[in-house]
């Protein structure tokens, strides 16, 4: 019964994505529409990053092990709102004037460097794949925990993956927006249900806090093993910078599709309030300390608490909310990967062929993530790896949004490569960093290489501007509007 | 008065909650277990920082609109309308 309800919920989410929407027939329309998405549609797309499978599974797990250190997620998401307020309207204006469809277009154009465009596209696509896998694995885990059935988990992952491919290919950004609206409503409902369950089954917030404090007061300081001050400060800085400078390729379509910069500014100026919803999974994680086995895996905590405190039909609501939290980001990420590959890496000139290849890449990316999803992964660790890698593009974004670009494309490319390589070496080499986020450490070689290469460029070509004249903004305003439209 | 969105004054206003968030673990009431009204002090502090962020960004937005941003928004809207009309015309020619 529970499995059927959940599968029906997942199918409903997929149907919402394609229902009454005309099929998109051009890559531009599929990605950014007419760049006129209104305020509330843009709101739900922008809010997408706040409520994901990480909020459902990872966060309660961190609270279960690290106590209030889990608040770091609210911290970095709030900081990202502040940075996005200043940065995304500028990215959107450049995108509208110059016809960008992807983050890689922005880098290629601003630095006048196709090499940089391709580097960003390759790095972006690679780092998004674990993030896509994370969503699909998370979905399977939610269903497995809710139903207790491994088979139901596999079925739901397959059904959800197929539906994501269908609605993303069919309707692009507009289909995604429709599902995102439903996702936020069902997720907030699910979180309220979790809160009600905890209050009814374990106790009110002060009661839970008092009981947990009696077990160990460490849960209420940022000091538990693996979740200390260093973890907090470095993770908040790195993830805040990464999300704030909009270095996630899949978050570009909502920014580029927005009706105006004012819409983006107004939305993010209120969006931080949304992050307060994350206190609920953190509270559920704390309640878990009282009622779950201490050996419970972090990712199982929220649904474990729900199972202990709620009846079956309400578990279904939570599971459907979790499924939606996976399917919307999965759709956005699949779009992000396919655009980078078909539009930037392969640079296919024929529009029809490019659009078809783009669709093929959506299916391949989701298919790969589904296959990899059979291997269980630690959700929080994967997310931090992705953030650390993509944050290496933050310095380049900072240079690119200036009115005049003052560094060359090659130095920026070398800096990004040095930073990403450092993140990979630290992560895969198992190098101990004393709790310092690898993404923050990697920013140092990134900046050193960038400035050293820029110094060499200036020595070799004294007096020569770092970017070609057509990359200059004044050139764009007067001469390029028709060209931009055609692109 | 500045029409630059990221003017030093506006950045300084927005930086206040950001610093409050980054250095949360160093605050005495987070460094030691502290409770306010039965809630962990860290939760209350973070909630206050989120609200302060919204307040700071509303102040920044009003300052920007008052000091010329509203006019820039209007010009951007006009330019986007022309671009969309050109886009529709190009699409029409294609058919």
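FYI, it's all coordinate maths here, none of it is from the lab. As the structure is a computational prediction, the values presented were derived from the model and not from experiment. Ideal geometry is used to build each Cβ from the backbone, glycine not excepted, and the neighbour counts take in all protein chains shown.
General remarks:
- From the alpha carbon centroid of the range A:166-244 to that of the range A:17-48 is 27 Å.
- Potential lengthening between residue A:225 and residue A:293 on full extension [0.36 nm per residue; Cα-Cα distance subtracted]: 22.6 nm
- Residues A:290, A:414, sorted so that the one with the fewest Cβ neighbours within 10 Å comes first: A:290, A:414
- Debye-sum result for the range A:1-128 in log10 I(q)/I(0), which assumes one identical scatterer on each alpha carbon, at q = 0.12 Å⁻¹: -0.75
- Using bins of 10 Å that start at zero, the share of Cα-Cα pairs per bin across the range A:188-297 amounts to 11, 30, 30, 21, 8, 0, in whole %.
- Using alpha carbons only: equivalent-ellipsoid semi-axes of the range A:242-340, gyration tensor based, whole Å: 33, 16, 13
- Placing pseudo-labels 7 Å out from each Cα toward the beta carbon at residue B:75 and residue A:34 gives an inter-label distance of 2.5 nm.
- Based on C-alpha pairs under 8 angstrom that are at least 6 apart in sequence, chain A has a relative contact order of 31 percent.
- Using a Gaussian network model of chain B in which every pair of alpha carbons under 10 angstrom is joined by a spring, one finds that among B:12, B:41, B:85 the greatest mean-square fluctuation is at B:85.
- When every Cα-Cα distance of the range B:8-69 is counted in 5 angstrom steps from zero, the calculated P(r) takes the values 4, 18, 22, 18, 14, 10, 7, 5, 2, 0 percent.
- For the range A:55-106, convex hull volume per residue from C-alpha positions, Å³: 95
- Pairwise centroid distance, computed over Cα atoms, of the range B:34-65 with the range A:313-370, Å: 35
- Rounded to 10°, Cα long-axis angle of helix A:351-372 versus longest principal axis of chain A: 30
- Förster-model FRET efficiency, 25 Å R0, residue A:122 and residue A:353, C-beta, rounded to 0.05: 0.75
- In degrees, nearest ten, helix B:8-22 long axis to first principal axis of chain B (Cα): 40
- Exposure proxy ranking, count of Cβ atoms within 10 Å, fewest first, for A:86, A:111, A:12: A:12, A:86, A:111
- Acute angle (nearest 10 degrees) that the helix A:261-271 long axis makes with the longest principal axis of chain A, alpha-carbon atoms: 20
- From helices alone, chain A scores -24000 deg cm²/dmol at 222 nm; the rule is -39500 (n - 2.57) for each run of n ≥ 4 DSSP H residues, then divide by the residue total.
- Radius of gyration and maximum dimension Dmax of the protein assembly as shown, Cα, Å: 23.3, 74
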